[in-house]
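As structure tokens, the structure follows; a few thoughts come after it.
Read-outs throughout are calculated quantities, based only on the coordinates presented, and are distinct from any laboratory measurement. Every value quoted in this text rests on a predicted model; they were computed, and no experiment measured them. Cβ: placed from backbone, ideal geometry, glycine included. Neighbour counts: every protein chain shown.
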Protein chains: 2
Amino acid sequence: MRTVHQYDIFELSFTSSDEGPVTGEGIFSKNGKEYRVKGFKDGEGCRLRFMPCRTGIWNYTIRCGGREEAGSFRCTEAPAGIHGPVRTAGFHFRYDDGARYLPFGTTCYAWIHQPEETQEETLRSLSAAPFNKLRMCVFPKHMPYNYNEPENFPFLKKPDGTWDIHKPESRFWQNLERRIAELAERGIEADLILFHPYDRWGFAALSTEECLVYLDYCVARLGAYRNVWWSLANEYDLLPARTFADWEQFGRTLAETDPYHHLVSVHHCFLPCPKADWMTHCSMQTGHVKNALLWRGEYQLPVIIDECGYEGNIEFGWGNLSAFELVHRCWSAVCTGAYVTHGETFYREDDVLWWAKGGVLRGESAARIRFLKELLSGLSGELDPLPPPQWLPNPYERKPDSAEGADGISAALSRMSETERNRWFVELSPTRIGSPDYRLEYLGRACPAFYDLELPETGRYRLEIIDVWEMTRRVSPEEASGRMRVTLPAKEGIALLITRLSGEVLGQ
Amino acid sequence: MRTVHQYDIFELSFTSSDEGPVTGEGIFSKNGKEYRVKGFKDGEGCRLRFMPCRTGIWNYTIRCGGREEAGSFRCTEAPAGIHGPVRTAGFHFRYDDGARYLPFGTTCYAWIHQPEETQEETLRSLSAAPFNKLRMCVFPKHMPYNYNEPENFPFLKKPDGTWDIHKPESRFWQNLERRIAELAERGIEADLILFHPYDRWGFAALSTEECLVYLDYCVARLGAYRNVWWSLANEYDLLPARTFADWEQFGRTLAETDPYHHLVSVHHCFLPCPKADWMTHCSMQTGHVKNALLWRGEYQLPVIIDECGYEGNIEFGWGNLSAFELVHRCWSAVCTGAYVTHGETFYREDDVLWWAKGGVLRGESAARIRFLKELLSGLSGELDPLPPPQWLPNPYERKPDSAEGADGISAALSRMSETERNRWFVELSPTRIGSPDYRLEYLGRACPAFYDLELPETGRYRLEIIDVWEMTRRVSPEEASGRMRVTLPAKEGIALLITRLSGEVLGQ
């Protein structure tokens, strides 16, 4: 009996006279639970892939063109460090085996469309980097710094020069799945972008029917890779050929046909896609990362700011953030209970910019993101925002005798439209997460010389002053309780971490 | 015949049996044009003040309690450097004599309520500083760092302990007008804040009638000072005792009764006051200074961001900006065609923070503001924003073959509400002002390594790369024309100044 590791791929080859690109069906069962997967054409042959998520004996039946073949295999426990597909858990993520997953992604949109040696260089860079998710496109990319022609395309062409969506080009897909597997080996989720607007070849203008054929093929061929995420689009709202009904249909199709229920999102430029049942999390674009506070409330889903701008020095505003600014946005996002994705756009005469082509990481933010990621991994409790001191905070509340000003703020806010009030809520809310056992507040670009702390009197708490740029954690003091004024360095990029050592849990 | 300089004060004393606080009337005429001013009680006596804005012989009649007295005086030309009251001119300001006035104010809300030696120290600091406007309150201030009791109050008290608005306290007003005059000597406009919410004495809760008596007194007593501006309020929207109708009435009253038509504005916290006829300019509070682009359009008035946050290190978000951040906001405001006001809030054990009490300037932004002010003073042409490349800019427009993305942006924007679209307009607009003879673009926190310049082919232009923090202006190249790529230092706080030397005027 064949043996396969849990979360690895059990693959079969077969023949089919179907036109394709998807053909045949496999039914995999264990303990009465059935999974249906489709086969797919790969050149002249056909393959069928299944990822077992549970250990034990699996039975299967393959049906194709009236023929039927049955068999079974043994699924053995995953090797250490392999946790399976990522799932959502409330506003956060966990692997299939329950291990915590904190997404810290980066972006190489078109890395699989570059020459082999660049792809290999990208993998080497990723191996040494702190990132555990990669935003990457299936289709090639046409945009400044991205005018080179790719070697392979996902489909063959018809005699009239248009794409034959029913004829996948094996070399393209073999490379893509090899890269996905190589990412998996490095613990990196492949956040596969299925559509995007930066196109000169016609992939942004496929018909709805063609898109569905393509999606069907993606699910059949790539779904068995444990680290696949489905991102319906990069900047869905910039694709004029697509309607809302298309996105709705594509999302629903993935949710219904992907037997593994990989994560599904859709990324926007200007207009976030409204909440839909098939959406597992928010994949957002904004430089104003604190907006995640509103999105959490509106979507009731985990929020990833998948594009908050890039560390770099090119001519576009989204691509010339200082390293500090990107680090600042990462901390701001995390301390509102969201996650965030990195990218780099340093000008190169050879046009190999990390954000699109991969290659080599050149910036200073990645090291700081590693520091942040390791700090967060050590916290006991979820990364949920603490409520502001009041629903809308009042900076004067500590002085009851100045209530006139305070009442005035409430009155002014009550006269606003909800949209305006929400903007103030975001603006005035602290960036602060916590649990009963810790509290982490990021002070952003604020430069206070001190902080007035109010801890429970009946416990002991450790305070750390964190410099997000210098990557230092200074314990001061080792044990505290009650009210105290803490001296701060009065510079940008400071965070405070309070950890409960004993006694009363931390309040809000 | 008495002689008075243009823009100085012609003052008369008289007696009146009226209750006051305003009594008698003076009619001043020249060339058939009449100005009516009211007299006011000052202790036991009465005074009447008039500021002649034109040279020559002025005739006057003073009427009080049925008595009438006539006379005349000669007004001689203002000494060099005295330009009279500031007026608006489109989106900008000029003195009464036509000289250009670029407001670069600072903030010492409660400086006149501090001990004499602190007031003197504040004046010395102002003498050495680049500021030419001072935001200051008539009423004392109650707020963190401002709990000390002032020595003098503007009114005497009734036997029941409430303020007798009809009984001004001479010592208070004599000090106030002395300070206004001392500011005038230093070329500093006194932006007098008439009401504010930070109060424990009852000044924020006067009746509407009492407010009008107080305003009448202010106009009679202070209107003849050339450097007076009327700011109806600091944070008008945080005064629960006041209605919109009050502000409307106060503004109209000032516009109608002040014969000199000093500037009138009203400053907000959350909700900008809607445009009104009596409003001469916008006095705004925001950290998002580029919003001035929208306010210019909406109000069709000059915009001053009178509060954009303070350089400092206290606990409040508005009071712990880095010096760079404040300088950045100043440049951003100016390069959207607005003006901006400085302030400092450095923690002091003695509670003497510049923003409220004055004293000594400690920060690093003032020197940079001087640099900015001097640079702007040298530009030929008004400081008006240039339109964005298209109404809403498209970062991809230089590549016509990527029109798909570009069309998508237009389509996405067209689907937005006007409010949302306006926010994008602000977000995406460059901070860039210019005239036919110069163009000044501030690149903000963007860190591009180069800039692609498109100058007319048939002229010669000087390019300067400005470091707003280091206060350097590097000419590079001395003469340019046509298209060229300019190398930049790829750091935050860079501006580009293009000056026409000859030939075709600069386009947009």
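Take A:Thr76, move 7 Å from Cα toward the beta carbon, and the resulting point lies 10.9 nm from the same point in each other copy, nearest first. If a spin label sat at a point 7 angstrom from the Cα of B:Asp18 along the line to its beta carbon, the backbone N atoms of segment B:229-254 nearer than 19 Å would be those of B:253-254.
Ignoring aspartates and glutamates fewer than eight residues from A:Lys357 along the same chain, the ones with Cα atoms less than 14 angstrom from its Cα are A:Glu116, A:Glu117, A:Glu120, A:Glu121, A:Glu149, A:Glu151, A:Glu344, A:Glu349. Counting only lysines at least 8 places from B:Lys158 when in the same chain, those with an alpha carbon closer than 17 Å to its own are B:Lys167. In this assembly of identical copies, the label point of B:Gln249 (Cα plus 7 Å along Cα-to-Cβ) is separated from its counterparts by 6.4 nm, sorted shortest first. Mean separation of Cα pairs under 8 Å and 6 or more residues apart, divided by the residue count, gives segment A:2-76 a relative contact order of 38 percent. Checking the cross-link filter: which lysines have an alpha carbon closer than 25 Å to that of B:Lys275, excluding same-chain neighbours under 8 positions apart? Within reach: B:Lys133, B:Lys290. Counting only DSSP beta bridges whose two residues both lie in the protein assembly as shown, roughly 70 percent are antiparallel. Magnitude of the charge dipole for segment A:103-377, about its Cα centre and with charges confined to Cβ atoms of Lys, Arg (+1) and Asp, Glu (-1), is about 600 debye. Angle of helix A:208-222 to the longest C-alpha principal axis of chain A, folded into 0 to 90 degrees and rounded to 10: 90°. Full extension of the chain segment joining A:Asp164 with A:Ser377 gains 72.0 nm, where the gain is 0.36 nm per residue of separation less the Cα-Cα distance. This model, with +1 at the C-beta of Lys and Arg and -1 at the C-beta of Asp and Glu, gives segment A:432-508 a dipole about its Cα centre of some 100 debye. When B:Asp191, A:Asp467, A:Asp350 are arranged by Cβ crowding within 10 Å, least crowded first, meaning fewest neighbours, the order is A:Asp350, A:Asp467, B:Asp191.
Shielding by partners for peptide B:195-202, expressed as the average number of C-beta atoms from other protein chains within 10 Å of each residue's C-beta, is 3.
In this label model, A:Glu77 and A:Asn31 are separated by 1.6 nm, measuring between points 7 Å along each Cα→Cβ vector. Computed over the Cα atoms of the protein assembly as shown, pair by distinct pair, the Kirkwood hydrodynamic radius stands at 32.2 angstrom. Sorted shortest first, the separations between the B:Arg473 label point and its copies elsewhere in the assembly read 5.0 nm; each point sits 7 Å from Cα along the Cα-to-Cβ line. Counting every other Cβ atom within 10 Å of each residue's Cβ, B:Lys133, A:Lys275 order from fewest to most as A:Lys275, B:Lys133.
Taking other C-beta atoms within 10 angstrom as a stand-in for reagent exposure, B:Glu121, B:Glu116 fall in the order B:Glu116, B:Glu121, fewest first.
Taking Cβ atoms as reference points and 13 Å as the exclusive limit, the residues near B:Arg2 contribute a net charge of -1, counting Lys and Arg as +1 and Asp and Glu as -1. Translational diffusion coefficient, Stokes-Einstein: compute it for chain B using the Kirkwood radius over C-alpha pairs as Rh, at 20 °C and 1.002 mPa s, and state it as an integer in µm² s⁻¹. Estimated via Stokes-Einstein, D reaches 87 µm²/s.
Once the C-beta distance of A:Glu504 and B:Arg124 is scaled by a Förster radius of 45 Å, the resulting FRET efficiency is 0.30 to the nearest 0.05. Roughly speaking, what is the centre-to-centre gap between segment B:45-94 and segment A:351-377 when only Cα atoms are used, to the nearest Å? Each part's Cα centre sits 67 Å from the other's.
Rounded to the nearest 0.05, the FRET efficiency derived from the C-beta distance between B:Arg415 and A:His261 at R0 = 41 Å is 0.85. In this Cβ point-charge picture (+1 for Lys and Arg, -1 for Asp and Glu), segment B:23-67 has a dipole of about 140 debye about its Cα centre. If you plug the beta carbon distance of A:Thr3 and A:Thr458 into 1/(1 + (r/R0)^6) with R0 = 35 Å, you get a FRET efficiency near 0.05. For chain B, the share of DSSP beta bridges that are antiparallel, to the nearest 5, is 70%. The two copies A and B are related by a rotation, and the chain A beta carbon nearest its axis, with distance in whole angstrom, is A:Thr419, 4.
Model label sites at A:Glu68 and A:Arg54, defined 7 Å from Cα along the beta-carbon direction, differ in position by 2.3 nm.
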